[in-house]
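Structure provided below as structure tokens; questions to follow.
The values are calculated or read from the model by the stated rules, or taken from the named source; none is laboratory data. The model shown is predicted, which means the values in this text are computed figures rather than measured ones. Cβ coordinates were reconstructed from backbone atoms using ideal geometry, including for glycine residues, and neighbour counts include every protein chain displayed. Note: accessible area is taken over every heavy atom of the protein model, side chains too, but ligands, DNA and RNA are not part of it. Shrake-Rupley method; radii C 1.70, N 1.55, O 1.52, S 1.80 Å.
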Amino acid sequence: MHDVIIIGGGPAGLSAARWSDELGLDALLLEQADQIGGQLHHIYNPIGNYLGRSAANGEQLLQKFSSDLEAAEFDQWTGVSIRSLDLRAKRVALASGEELQSIAIILATGVKRRELGIQGEREFFGKGIMESGTRDQELFAGQDVCVVGGGDAAAENALLLAEKCATVTLVHRGKKLRARREFVERLQTNHCITVFTESVLTRIIGDEQVQAVEILRRDGLKPFQLAVRGVLIRIGVEPNVELFREQVALDEKGYIVVNREHETNVPFVFAIGDVSNPAAPTISGAVGAGATAAKVIASRLNAR
Ligand SMILES: Cc1cc2nc3c(=O)[nH]c(=O)nc-3n(C[C@H](O)[C@H](O)[C@H](O)COP(=O)(O)OP(=O)(O)OC[C@H]3O[C@@H](n4cnc5c(N)ncnc54)[C@H](O)[C@@H]3O)c2cc1C
């Protein structure tokens, strides 16, 4: 029997684990990936907005987190596959057959990138489908590329790629880009960038590597092909809630609803970080929420 089982080893879960140790809680952290860190593995830009811990990229920040966690005593299992979770009973069954039990559960499962769900999207990942504009800018230097999305991430990546690529085509299904005004102005004045609004990607085409995309414009009768060597998809994120979707209250976008103590509608089940905070998904927010949840759990257990 553990005091708390933390599901997810990103900044939120790691902070909850660190605080659990400090507060004398017996904590077990379960991470499905082979390594802890969550989205930090996908941050290639410098991080200057996490006060006191600026870093050249997510990996460097993770190294700092890991060295802070060295002295902390909590169990951490990576590469774990959870078969089922009973939030009311606080029981976790692993695919390996093991059954775990705790007094409290902290859900820190974060978010994943939304997919277009079109032909070629998964097939060409790493074969022309890019991970990040910052990381892949050099790889696609001098080539024609396409960016999908209309928010800040899509606009920022299109601008970054335009520094090195021959042409960048930004494809957005809405009438107007949602990106901040500064990005939109820069997109409009950049001669390398073409913006297609009210347009969708219908297929990614290639053999070994991406060779073209198929675009359908709202005013067009049939899709047309655009030759590109690279595609970057930035159409937002969605919360990782598949495991417990039916057991906890979610908002209209599928994020977990919590109160100011980060508790869900199920007593002694807490949710922290991006999976519960669509308004301000940040490292500082995730780390702060981890501290709050651990402190609330500790004070409740002490009062028993
Ligand atoms: C490109 C990029 C740049 C960013 N730049 C910044 C920045 O400059 N400043 C800033 O503050 N924030 C930035 N962020 C946002 C920041 O990374 C997130 O807000 C933060 O990582 C959220 O932490 P989290 O722990 O809630 O979730 P995540 O980091 O998403 O971690 C969730 C973890 O839960 C695990 N998990 C999911 N489901 C399960 C399951 N069923 N079982 C076990 N484990 C599971 C996942 O594998 C993952 O490791 C950036 C994000 C990206 C993608």
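Rounded, prolate or oblate, given the Cα gyration tensor of the chain, with a/c below 1.5 counting as rounded? Present the calculation step by step, with values, prior to reporting the outcome.
Numbers: a/c = 2.27, a/b = 2.00, b/c = 1.13.
Since a/c reaches 1.5 and a/b is larger than b/c, the shape of the chain is classed as prolate.
For THR78 and ILE118, compute 0.36 nm times the residue count separating them, minus their Cα-Cα distance, and round to one decimal in nm. If you can, show how the numbers build up before the last one.
On the way: separation 40, 0.36 × 40 = 14.40 nm, distance 3.12 nm.
11.3 nm is the gain from fully extending THR78 to ILE118.
Not counting ligands, DNA or RNA, and with a 1.4 Å probe, what is ASP219's accessible surface area in Å² rounded to the nearest 10?
My reading of the accessible area for ASP219 is about 130 Å².
Hey, what's the chain come to in accessible area per residue, 1.4 Å probe, Å²?
Details: 15370 Å² over 304 residues.
Accessible area per residue, the chain: 51 Å².
Also, quick follow-up: With the full set of protein chains in place, find how many percent of the accessible area of the chain is carbon and sulfur; take the probe as 1.4 Å. Please list the in-between numbers first.
Numbers: 7170 of 15370 Å².
Carbon plus sulfur share of accessible area: 47 percent.
Right, another one. Kindly identify segment 148-275 as rounded, prolate or oblate by the Cα gyration tensor criterion: order the square roots of the eigenvalues as a ≥ b ≥ c, call it rounded if a/c is under 1.5, otherwise compare a/b with b/c, prolate if a/b is larger, else oblate.
prolate
Also, quick follow-up: Would you mind telling me the antiparallel percentage of the DSSP bridges in the chain, rounded to 5?
Details: 24 of 55 bridges.
Of the beta bridges lying entirely in the chain, close to 45 percent run antiparallel.
Which distance in nm do the two modelled labels at LEU94 and GLU261 give, with both placed 7 Å along the Cα-to-Cβ direction?
Inter-label distance under the simple model: 3.0 nm.
What is segment 48-129 by shape, rounded, prolate or oblate, if you read a ≥ b ≥ c off the alpha carbon gyration tensor as root eigenvalues and call it rounded for a/c under 1.5, prolate for a/b larger than b/c, and oblate otherwise?
Working: a/c = 2.29, a/b = 1.11, b/c = 2.05.
It is oblate, given that a/c is not under 1.5 and a/b is not larger than b/c.
Would you tell me the accessible area of THR109, worked out with a 1.4 angstrom probe on the heavy atoms of the protein chains, in Å² to the nearest 10?
My reading of the accessible area for THR109 is about 30 Å².
While we're looking at this one, here's another question. Can you give the accessible area of GLU73, probe radius 1.4 Å, in Å² rounded to 10?
140
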